[in-house]
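Enquirer: Take this structure first; my questions come after.
Just so it is clear, none of the values below were taken in a lab; they were calculated from the coordinates. Owing to the predicted nature of the structure, the values given are computational and were not obtained by experimental measurement. Because the Cβ atoms are built from the backbone with ideal geometry, glycine has one as well, and the counts that use them run over all protein chains shown.
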Amino acid sequence: MKAWVYREYGGVDVLKFESSVPVPEVKDDQVLIKVAAAALNPVDFKRRVGMFKATDSPLPTIPGYDVAGMVVKVGSQVKGLKEGDEVYGDINEKALHGPKQAGSLAEYTAVEEKLLALKPKSLDFAQAAGLPLAMETAYEGLEKSGFSAGKSILVLGGAGGVGSLVVQLAKHVFGASRVAATSSTGKLELLKSLGADLAIDYTKENFEDLPEKFDVVYDTVGQCDRAVKAVKEGGSVAVLTGAVTPPGFIFVVTSNGSVLTKLNPYLETGKVNPVVDPRGPFPFSKVVEAFSYLETKRTTGKVIISPIP
């Protein structure tokens, strides 16, 4: 099969297009997916530069966590999926500990059934590919922070891959009383369209100086030292990256297809929508360019790779 592979850790130049890579073997609890679309996540480039090499799987690596595609083969213990099903998911249960050598930036990838959900019919493959890791992360952070109906939240980096879904889930799934979010000037209208009641331009305002404080602050950008100044007494701060100051807590998502299944009705009705970066989708031949763009940290929503041959 065709795939993008790196055989050493490093910058984007270690990524090589190869056309005769073995198709992964399917274990009893796995299905083989013909990949239609994939998405890039910050964890992909952090892994590629070797930040997690102590717990990584051996090289060479086909990168890619997020996938959307069609089931073409099922393992002997698979109960809920069949050939021809259109599915999506984050293929690595643990993001940093032994992720798969054969990821989603390939024509085929093998994935445990429990990590997948049926693709919402209202979404195309490119839209669906951008959801799993970010949506599962958004949901898990809201749950771990004790977020519930009637509470207020501030989302740092509300226009990013995870942040754009935190805003929507907080508002439309959890029933937030008030959602505030930060972004650069050009993305304020996007925040409002996603459900933010207050859109804060971080180039002009310091969110921690607002008189208003929040039940939960969800920090997707690594500003926990400032985030803790914006949280109410007894509130919590969910942190995805960077140093942690109490009452902040950091977590790494555990992939779980049942979360996607639970949220599918909100996707089907359009209450929650994927945000695809307008520079994409990038064709399969432009994976290096897509990584370079992701690493500018100036993306909106998700960087998608589609179609995959």
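Enquirer: Give a quick list of trypsin sites (Lys or Arg not before Pro) in segment 86-141 that DSSP marks as loop, anything other than H, G, I, E or B, with at most 15 other Cβ atoms within 10 Å.
Expert: Passing sites in segment 86-141 are Lys121.
Enquirer: Dipole of segment 79-176 (Lys/Arg Cβ +1, Asp/Glu Cβ -1, origin at the Cα centre): which of Leu169, Ala126, Leu154 lies farthest to the positive side?
Expert: Positive-most Cα among the choices belongs to Leu154.
Enquirer: Further question on the same structure: From the phi of every residue in segment 87-97, what ³J(HN,Hα) in whole Hz does the Karplus formula 6.51 cos²θ - 1.76 cosθ + 1.60 yield, where θ is phi - 60° and glycine or proline is x?
Expert: Here the 3J(HN,Hα) series is 10, 8, x, 9, 6, 10, 4, 10, 5, 10, 10 Hz.
Enquirer: Translational diffusion coefficient of segment 141-198 at 37 °C, 0.692 mPa s, Stokes-Einstein with Kirkwood Rh over Cα pairs, in µm²/s as a whole number.
Expert: It diffuses with D of about 301 µm²/s by this estimate.
Enquirer: Also, I was wondering about something else. What is the local net charge at Arg279, summed over the other residues whose Cβ is closer than 15 Å to its Cβ (Lys, Arg +1; Asp, Glu -1)?
Expert: In short, +2.
Enquirer: While we're on this one: Once amide H atoms are placed 1.01 Å from N in the peptide plane, what residues at a sequence separation of 5 or more from Val303, or on another chain, have their amide H within under 5 Å of its amide H?
Expert: When sequence neighbours closer than 5 places are left aside, the close amide H contacts are Leu40, Asp277.
Enquirer: Measure nothing but the geometry: give the 0 to 90° angle between the long axis through the Cα atoms of 257-268 and the longest principal axis through the Cα atoms of the chain, rounded to 10°.
Expert: Orientation of helix 257-268: about 70 degrees from the principal axis.
Enquirer: With each run of n ≥ 4 DSSP H residues scored as -39500 (n - 2.57), what mean residue ellipticity at 222 nm is computed for the chain after dividing by its residue count and rounding to the nearest 500 deg cm²/dmol?
Expert: Mean residue ellipticity, 222 nm, calculated: -5500 deg cm²/dmol.
Enquirer: Here's something else I'd like to know. Tell me, how many Å apart are the Cα centres for segment 106-165 and for segment 1-79?
Expert: Here the answer is 19 Å between Cα centres.
Enquirer: Which whole number in µm²/s is D for the chain by Stokes-Einstein, with the Kirkwood Rh taken over Cα pairs at 10 °C and 1.306 mPa s?
Expert: Here the translational diffusion coefficient equals 81 µm²/s.
Enquirer: Scan around Leu116 for amide H atoms under 5 Å from its own, H built in the peptide plane at 1.01 Å from N, and keep only partners 5 or more places away or cross-chain.
Expert: Long-range HN contacts for Leu116: Gly257.
Enquirer: Moving on. Could you give the longest part of the chain that holds none of the GluC sites (Glu not before Pro) found in DSSP loops with at most 12 neighbouring Cβ atoms within 10 Å?
Expert: With a cap of 12 other Cβ atoms within 10 Å, the longest stretch comes to 84-204.
Enquirer: Shifting gears a bit: How big is the charge dipole of segment 93-201 about its Cα centre, in debye rounded to the nearest 20, if each Lys and Arg gets +1 on its Cβ and each Asp and Glu gets -1 on its Cβ?
Expert: 240
Enquirer: What are the ³J(HN,Hα) values, in whole Hz, obtained from phi via the Karplus relation 6.51 cos²θ - 1.76 cosθ + 1.60 with θ = phi - 60°, for each residue of segment 281-291 in sequence order, with x given for Gly and Pro?
Expert: Each residue's phi maps through the Karplus curve to give x, 8, x, 4, 6, 10, 4, 4, 5, 5, 4 Hz.
Enquirer: So if I average 1/r over every pair of distinct C-alpha atoms in segment 1-114 and take the inverse, what Kirkwood radius in Å does that give?
Expert: Over segment 1-114, the inverse of the mean reciprocal pair distance is 14.1 Å.
Enquirer: For segment 124-269, what value does the Rg/Rh ratio take when both radii are computed over Cα atoms and Rh is the Kirkwood radius, given to two decimals?
Expert: With Rh from the inverse mean 1/r over Cα pairs, Rg/Rh is 0.94.
Enquirer: Just to be sure I understand: if I project the alpha-carbon convex hull of segment 248-309 onto a plane and average over all orientations, what area do I get in nm²?
Expert: That works out to 6.6 nm².
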